[in-house]
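Each remark here refers to the structure printed beneath this line.
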């Protein structure tokens, strides 16, 4: 009878140790999931910042393009105006 009680105590102790290990592992998994969620939020915020910067740069490029076109038109107009004053040799 004492032997059976000792075996039961041993099984209970093993179950308690396994339960503690499972609890510790569950806490570790939960923290890992929280870390993944945090990284995902940071990545999302970074993607939004990049998107906003890209839109801003695109607008600036369009402004530069419009300015370049305007300068081209001015240059062509000046060439036509100067051509009037050319002296044939």
Query raised in the report: Out of 3, 35, 9, which single residue is at pLDDT below 90, surrounded by 10 or more Cβ atoms within 10 Å (Cβ to Cβ) and assigned to a helix (DSSP H, G or I)?
Result: 9
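Condition check ((1) surrounded by 10 or more Cβ atoms within 10 Å (Cβ to Cβ); (2) modelled with pLDDT of 95 or more) across all residues:
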site: 62; (1), (2): yes, yes
site: 66; (1), (2): yes, yes
site: 70; (1), (2): yes, yes
site: 78; (1), (2): yes, no
site: 82; (1), (2): no, no
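Here is a check on your reading of the model: is residue 24 without any contact (Cβ under 8 Å) to a residue 60 or more places away in the chain and in a loop (DSSP other than H, G, I, E, B)? First the steps, then the outcome.
Working: without any contact (Cβ under 8 Å) to a residue 60 or more places away in the chain: yes; in a loop (DSSP other than H, G, I, E, B): no.
The answer is no for residue 24.
The values are calculated or read from the model by the stated rules, or taken from the named source; none is laboratory data. All figures in this text were calculated on a predicted structure; none of them were measured in a lab. Cβ: placed from backbone, ideal geometry, glycine included. Neighbour counts: every protein chain shown.
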